[in-house]
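Report on the following structure.
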């Protein structure tokens, strides 16, 4: 598949596990409020060019809300009278460091000090519409958008100064927050130039942004914005907010998924002082001055639930296979050549089946929201990746205009794709509706997190493949049942191809998770490639190279192999080495693993991980390294031991004590090699570095034991035969 | 309700009105407004709520208000002195040892406790003492590096 074809495939990627269809409505940016807050002295510029090309669109046809991005530069950028520059973006800071990289981007392009720029993020009343912080889209879409508006702003300021001094604009320099005329030495601060209304001005037709090779502030390892707030405990996450008169909310959860309320008696709770009880259909909740009081109110309610029969984790994979729906939709299927002919031409053939368990995001800050009504106006503070979608959901459910709902996202205690839905905000707002204008804070417990949030979907993947005598793939047929179609297309050259995604009705509530199904599809594909290499009696790295044309894929494999020392000689008993690689969302990864198997103690240890990663021009190498190493470590959990247990509509391991996540002792020696391609546009980096961890470890286990692991989690210690 | 329970937090005296069996975590966060100490699980499994009691790391979700009474409690808000960060806070800052940073308070409090009892811990000892603290963002290598840096700084000062 060519580069262009792959890009097209990525655009078609459905973020399919979203639960509430969101109504299509137009959004009028709350400009008046904006002016009120940020005061006079605004630089309100003319229309930014090419804005239409920059529109971030949510995946098509799934009830996602799309809006035109505002065209005025002033919607994205504000230069205050004191010289402070404020940038606006609808993205949420969830630990991925976007606040810092966007600050760098504006400072770099506008020519101001990093410290003079601050970002307003993810506030539906102040920031431009945004579909959501997902899909590694923040860097490739918002970074260039902010560069364009910054570039246009800088040029208008230059033009303004040029006119004032009557010198050609080309003789002037815009740097350090001022326009300078080097010939005469005079200068004007941006703040002074911006004081005049430039609304009628048109930006120049051609206005290229700085290439990465000329970046001075972007591209540098600048420490995280507000870092001091985080080490002193001063930062206020949603869970930390304490507005005056606040009540604490609790929701009465059903005993199992899908249970319905059939009897309800609130006589014992009704007369509790200072307690608000809400029953609305199957929703039951309480708000009170303390969590304990709200819990007590729920405890004295008399309720009865009707439960439903449910699928358990023991039968999930056969269920998924049996209940696959005939898709008939071309967007789920890709074909090229003839797999039958390719199989006929194969010297070696291999068919295999892989499974992937449900796993949980388990963000350390649980889902939480604070909601407050003032008449028919609703304010909600919430840790979410999709503030505008939450706003729309709230407006629809409470029958108020979208402009009356404001969703504000405090920098959030992580999400990993898990904070897309509006649940906590909806619950807090429902309780607050009955609380007479008092704000209600609702924080999910860890058990609620593990039970009522959504999961990375389980899946079954079947692969049929053939290799010709020359070690080239001759046929590749790949079916993913349920888990998703991210990165379902192989990066390898193969003439005869069929890939298909099969939808299955949901069993457990499922949704986005860092990398979506790319992790499942890479696990199956890269495990299968390893097995094919052994069948073809080729080195696994050599076998991949033999089937790869994509130069960026080859580059990460080469860089990783060099750092890891591939091929490596085994020096101790039980040693094993594995490799896996892939590309998704415009970035490339190759992971090399060393493991150690001790048959006597029955233990398997990951000793070392080396990962080479490339995402175009690096905006902040320090933040990127944190993201890449973090994804590698998080990936260890899903690779080795994370799995949701469920039966009768209940989660069997809804606690950190029995749902194991990676801890310090699980972390091996890690080396991350970041390839900086200043000649390429920056891609997002939050997801791809997680994809190749599991197959690299599984392949290393095969190298050590000749046992092939085909299920995630691998749980390798269970496969050490006597 | 009783007249209240005397509590000493960060050198200040408070009278807490929550019931005596209330976990200290909720008293700190909800009654005293010291929200730097985080709720992560309420089950003693994640370490986000770690505080110092008599100088030693404790899970504040696992100790009751009455049990904490009469013993000096230190939270993340109590580490900074006259605008100067504690060496462990400074080391976390210098190492960029956080991403979403929700675990950071607990990590820092556990590390302060470790360095009080062992001024020069080995990597294995750091791993051992932070094993109960969860970082979901996967920032573990930098956290270890930060603790080592802080230990080095403290050693220097001791000389």
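Please treat every number below as a calculation from the coordinates, not as lab data. This structure is a prediction, so every number in the text was calculated from the model and none was measured. Because the Cβ atoms are built from the backbone with ideal geometry, glycine has one as well, and the counts that use them run over all protein chains shown.
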Considering only DSSP beta bridges where both residues belong to the protein assembly as shown, give the percentage that are antiparallel (nearest 5). 75
Let me confirm one metric for peptide B:121-127, namely the mean number of other chain beta-carbon atoms within 10 Å of its residues' beta-carbons. 1
Under a crude label model (7 Å from the Cα following the beta-carbon direction), how far is residue A:341 from residue A:658 in nanometres? 5.5
Using a 10 Å cut-off around each Cβ, can you sort B:100, B:61 from fewest to most neighbouring Cβ atoms? B:61, B:100
So residue A:353 and residue A:173, fully extended at 0.36 nm per residue minus their Cα-Cα distance, gain in nm 58.6 nm
Given a Förster distance of 22 angstrom, what is the FRET efficiency for residue A:572 paired with residue A:537, based on the Cβ-Cβ distance and rounded to 0.05? 0.35
Can you give the Rg to Rh ratio of the protein assembly as shown, both from alpha-carbon atoms, with Rh computed by the Kirkwood formula? 0.97
Other chains' Cβ within 10 Å of A:86-96 residues: what's the mean? 1
Which whole number gives the average, over all residues in B:92-99, of C-beta atoms from other chains lying within 10 Å of the residue C-beta? 6
Expressed in angstrom and rounded, the centroid-to-centroid distance over alpha carbons for segment A:523-590 and segment A:103-141 is 36
Taking N as its residue count, the alpha carbon Rg of segment B:87-158 over 2.2 N^0.38 Å: 0.98
If neighbour count is taken as other Cβ atoms inside 10 Å, put A:127, A:141 in order from fewest to most. A:141, A:127
Roughly how far apart, in whole Å, are the Cα centres of segment A:74-102 and segment A:323-349? 47
Label point at residue A:220 placed 7 Å out along Cα→Cβ; residues across segment A:88-107 whose backbone nitrogen lies under 14 Å: A:101, A:103-107
Please arrange A:215, A:373 by counting, for each residue, the other beta carbons lying within 10 Å of its beta carbon, fewest first. A:215, A:373
Compute the separation of the alpha-carbon centres of segment A:220-238 and segment A:371-394 and state it in Å as a whole number. 25
Grab the beta carbon distance between residue B:120 and residue A:274, set R0 = 56 Å, and tell me the FRET efficiency rounded to 0.05. 0.60
Cα-based helix-to-principal-axis angle, B:140-158 vs chain B, degrees rounded to 10: 90
For residue A:648, put the label point 7 Å out on the Cα→Cβ axis and report which residues of segment A:286-309 keep their amide N under 19 Å from it. A:303-309
Looking at the square roots a ≥ b ≥ c of the eigenvalues of the Cα gyration tensor of segment B:5-78, which shape do they give, rounded for a/c under 1.5, prolate if a/b is larger than b/c, or oblate? rounded
Using per-residue counts of other Cβ atoms within 10 Å, averaged over each peptide, order A:384-395, A:513-524 from highest down. A:513-524, A:384-395
Computed FRET efficiency, Cβ-Cβ of residue A:678 and residue A:315, R0 51 Å: what is it to the nearest 0.05? 0.50
